[in-house]
1. Would you mind calculating the relative contact order of the chain from Cα pairs under 8 angstrom and at least 6 residues apart, reporting the percent as a whole number?
2. Points 7 angstrom from Cα along the Cβ direction at His340 and Gln183: gap in nanometres?
3. Step by step: find N for the chain, compute 2.2 N^0.38 Å, then divide the Cα radius of gyration by it. What's the final number?
4. Give the separation of the Cα centroids, the stretch 208-282 to the stretch 334-366, in Å.
5. On a 0 to 90 degree scale, rounded to 10, what angle separates helix 294-303 from the longest Cα axis of the chain?
6. What's the center-to-center distance, using Cα atoms, between the stretch 82-120 and the stretch 131-161 in Å?
7. Report the residue, chosen from Phe359, Phe91, Phe182, that carries the largest GNM mean-square fluctuation when the chain is represented by alpha-carbon nodes joined by springs under 10 Å.
8. Using a basic spin-label model with each label point 7 Å from the Cα along Cα→Cβ, how many nm lie between Ser356 and Gln81?
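The values are calculated or read from the model by the stated rules, or taken from the named source; none is laboratory data. Remember, it's a predicted structure, so these values are computed and weren't measured experimentally. Note: ideal-geometry Cβ built from the backbone for every residue, glycine included; neighbour counts use all protein chains shown. SASA here: full protein model, heavy atoms, side chains in, ligands and nucleic acids out. Shrake-Rupley method; radii C 1.70, N 1.55, O 1.52, S 1.80 Å.
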Amino acid sequence: MTALRIALVAGEASGDILGSGLISELSKRFPNSTFEGIGGDLMIAAGLVSRAPMERLSVMGLVEVLSRLPELLSLRKSLVQHWLKNPPDVFIGIDAPDFTLELERRLKEAGITTVHYVSPSVWAWKAKRIYKIKEAVDLLLALFPFEAQHYEKTQQRISFVGHPLADAIANDPKIPIARDTFQLASTQRVIGVLPGSRSSEIRYLARPFLEAARLLWQHNNDLVFLLPAANDKRYEQLQRLIDESFSDLPVQLIMGRSREVMAASDVILIASGTATLEATLLKKPMVVGYKMAGLTYAIFSRMLKTPYVSLPNILAGEALVPEVLQKELTPERLCAEVEHWLDSSTDKHYVVERFSAIFEQLHKNADQQAADAIELLMKEKGILPHA
């Protein structure tokens, strides 16, 4: 059996999910292979030897990155030096393009085969990145079918693999019994409250989300609220906030299990990000909120080339769910938008139908498709023998 040395770098929780599935699939095909780089708990459990904590890369926002820039540059330099001295058979950067694309460029320049998993959002901003990607990447793995058209100018090698979240949700036995898991009565209506997984997101979003929950509860006393925490640090952060300001609210703070929380919910109040895709694939009406540092948002909003910021709206090409951003993000506005979903069965039915179509489009066995594309590339590069 061929034993490969595979290097991978992921920068946040969503990349950790992608990376763990890919490592597992590659391990089945090449059992004696080794995996090293940077990843989270899931990638480490799948077999990755992580050279640094993944949290060192989990920085959100243009302004926020500046304070961490020397550390990030130093880390990237050390990775480049390590892999130039000890070249892997293939390097796979998973999302985090601001960090991984330059790493890929340096390695490809030295003759190492490079793969980038998740197309950067060239359709939303920084369209000229397609030229940098072509320079840095032998193979681009795309999660969404519309992305390939944006790379036609550079004739980028690109494979649409579908999204692992769709595959995971299709096979998750916990989803049908989620309400029972949280001991919810059939008469109760459930609002999932998901203010994000980063400390900065909790700082900006948790209080207005919970204030909106309080308004909703005052208007609808059959409501209960489920609030998942991404990790121990977020749990402590949210528990302090609840104890200080929201001890009167019927809210369950739950460690992890965000997918089960969303599955149990009638409507979800959610931070913009990958979690909105998960909510889409679970076919749940949602209200998307986001807030960031004012200067970061000013720069971000000028760069944005699409009319939408949330994945459900981008994928559908229409405003299926409300997006409540920056100054508009008030408890009153959030409350009104959630109540609309609670009251409007017609709108809810239409959105569920559209979300079902998106689910079918993305349910493609992504781990297997990604491994197939990487294996074919390695055969063409002579890393693996042709059958």
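1. Reported relative contact order: 15 percent.
2. Placing both labels 7 Å beyond Cα along the Cβ direction yields 3.6 nm.
3. 1.01
4. 19 Å
5. 60 degrees
6. Computed from Cα coordinates, the inter-centre distance equals 15 Å.
7. Phe182
8. 5.7 nm
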